[in-house]
Each structure stands twice: as C-alpha cells, then as structure tokens.
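*Asks:* One structure is given below, represented as structure tokens, and several questions about it will come after.
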Amino acid sequence: KNLAGTFWQPSLVLFDSETMETLDETAILDGLAETVKCGVIGDPGLFAFLQEFPWEGVPRGPGLHAFVDRCADGAIGVKQLMVEEDERDQGCRQYLNLGHTLGHAIELVSRYTVSHGHGVAVGMVLMARIADRMGWSEADCLTPIRGLLEKFGFPLEIPYTARSLAEAALLDKKRKGGLIHLVVPVRIGECRLMPVPAEDLEKLIEMGLSS
C-alpha cells in the first residue's frame, strides 16, 4: 500500500502466539507499544487491561501466550474496525498513526538505532503532552499513557532537538501541502485528526519536549 499506492485486503488473518517465544524483549515491547496505541485510539478496555496487568518483565511460556493473545485480540479488533470503515485511509483509519509521525522522525534522526515500536512509544508521549498543552484533549491522556509505557520499561528520554525532529517529520507521507495531520488523543479510547501548518510543527514539538 505505501509503496505502490494500492489496497489489498486479506482473505484470512492468522496469528500464532507461540511464535512470540522466538522474539527478544525489544521486539515484544515494539508490539506492545502498538497495543497501547490501539487502546488509546479505540479500546479503553484494552488500555485498562494493560494498566492492571501485573508486569514483571516479558512473561514466557503459557503466561506470554495468554498475555499476547489478549493484546492481539484487542489490537487486531481495533484495526479491523477502522480498516473496514475507512478502507482508503481518508478518515478514522489515520488514527492508527497515533505516535507515528513523531515516532518515524525519531527513528530517522536516530539512524534507526531506535526501533519502530520504541519510537512510537515516545511519539505518543510527545503527542499527548502537545495535545494537553494546546487544549486539544478533553481529559488527561498524558499521565496514563506515560505511566503505562514507563511501567513496561520504555525509555522515554529524547536526546534530539525539536528542529531535527520537525525536519524529519515533514518528510512523512502524512504531509499534505502546507499541512501535516497529527493524530491527537482526546481521551483514552478516542482520538481526532488535527491539521496543523507545517511551519508550526517545530514549535509544537518543542512544547512536547519541555517537561
């Protein structure tokens, strides 16, 4: 879809949680960041499950399978609903990009030493802080998002400047002319698209970087 610009829907989706045993902790956390994202954009019950889960590091054996099955069920469900409603990526399907515009920028600026999921995790925190300070959120999203990611052990420090991240973010495919569309958390379980002028992005990122 991204390279050729075409959309092909799967006839069947298979998920085997036992394959997770072959992945290291970084890869599992990458997937977990996307699961947190799905909870934020469309499934507060999934987000609450992650908050309540007694995390002591990545579980293994049957514990990993049960945990991953619940995460996958919730995350796939959110994505399925949004893709079915918005096949051509013109509306709610774009909510799946929460944390991705800034996450991709972090990946690029880090020369890909930061993995995709870890970049998305930081991107969600940045976006939640920006939304809070701009008054775009209707409830506190920063505290629960940051708290949940810290619980899972994601490093959330950002050693890059607002300018470098803005320059990288403006290369993103979600830029349309002079606007870039940011996915903004309104409350846990609900997001909206916020078009902002490209020239304002650096200032917004600076806002997100300042604690």
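*Asks:* Test GLN80 against the criterion of being farther than 24 Å from SER115 by Cα, part of a loop (DSSP other than H, G, I, E, B) and open to solvent by 60 Å² or more (accessible area, probe 1.4 Å), and give yes or no.
*Replies:* no
*Asks:* Pairs only if they're at least six apart or on different chains, beta carbon under 9 angstrom, first in the stretch 48-60 and over 20 Å from ILE188 (Cα atoms) and assigned to a loop (DSSP other than H, G, I, E, B), second open to solvent by less than 50 Å² (accessible area, probe 1.4 Å) and among the acidic types (Asp, Glu); list them, first residue then second.
*Replies:* none
*Asks:* Further question: Determine which member of the set LEU209, LEU201, LEU165 is open to solvent by less than 20 Å² (accessible area, probe 1.4 Å), in contact (Cβ under 8 Å) with a residue 24 or more places away in the chain and closer than 30 Å to VAL58 by Cβ.
*Replies:* None of the other options fit; the residue is LEU165.
*Asks:* Please indicate, with yes or no, whether at least one residue in the stretch 112-127 is out of contact with any helix residue (DSSP H, G or I) (no Cβ under 7 Å at 6 or more places or on another chain) and closer than 24 Å to GLY57 by Cβ.
*Replies:* Within the stretch 112-127 (the criterion being out of contact with any helix residue (DSSP H, G or I) (no Cβ under 7 Å at 6 or more places or on another chain) and closer than 24 Å to GLY57 by Cβ), the answer is yes, since at least one residue qualifies.
*Asks:* Further, regarding this structure: Output the residues belonging to the stretch 111-148 that are more than 22 Å from LYS203 (Cβ to Cβ), of a type outside the set (A, V, I, L, M) and open to solvent by less than 10 Å² (accessible area, probe 1.4 Å).
*Replies:* The one that is more than 22 Å from LYS203 (Cβ to Cβ), of a type outside the set (A, V, I, L, M) and open to solvent by less than 10 Å² (accessible area, probe 1.4 Å): GLY117.
*Asks:* Continuing with this model, one more query. Can you find, within the stretch 9-45, the residue that is nearest to GLY99 (Cα to Cα) among those that are part of a loop (DSSP other than H, G, I, E, B) and touching a Gly at 6+ places or on another chain (Cβ under 9 Å)?
*Replies:* The selected residue is ASP43.
*Asks:* Do we find that ALA33 is surrounded by fewer than 19 Cβ atoms within 10 Å (Cβ to Cβ), modelled with pLDDT of 80 or more and closer than 24 Å to PRO144 by Cα in this structure?
*Replies:* Taking the combined requirement at face value, the residue does not satisfy it.
*Asks:* Anything in the stretch 179-211 that is more than 26 Å from GLY147 (Cβ to Cβ) and not basic (Lys, Arg)? List them, or say none.
*Replies:* LEU179, ILE180, HIS181, PRO195, VAL196, PRO197, ALA198, GLU199, ASP200, LEU201, GLU202
The values are calculated or read from the model by the stated rules, or taken from the named source; none is laboratory data. Given the structure is predicted, the values throughout are model-derived calculations rather than measurements. Positions of Cβ are backbone-derived with ideal geometry, glycine not excepted, and every protein chain shown enters the neighbour counts. Just the protein is used for accessible areas: all its heavy atoms, side chains included, with ligands, DNA and RNA removed. Shrake-Rupley method; radii C 1.70, N 1.55, O 1.52, S 1.80 Å.
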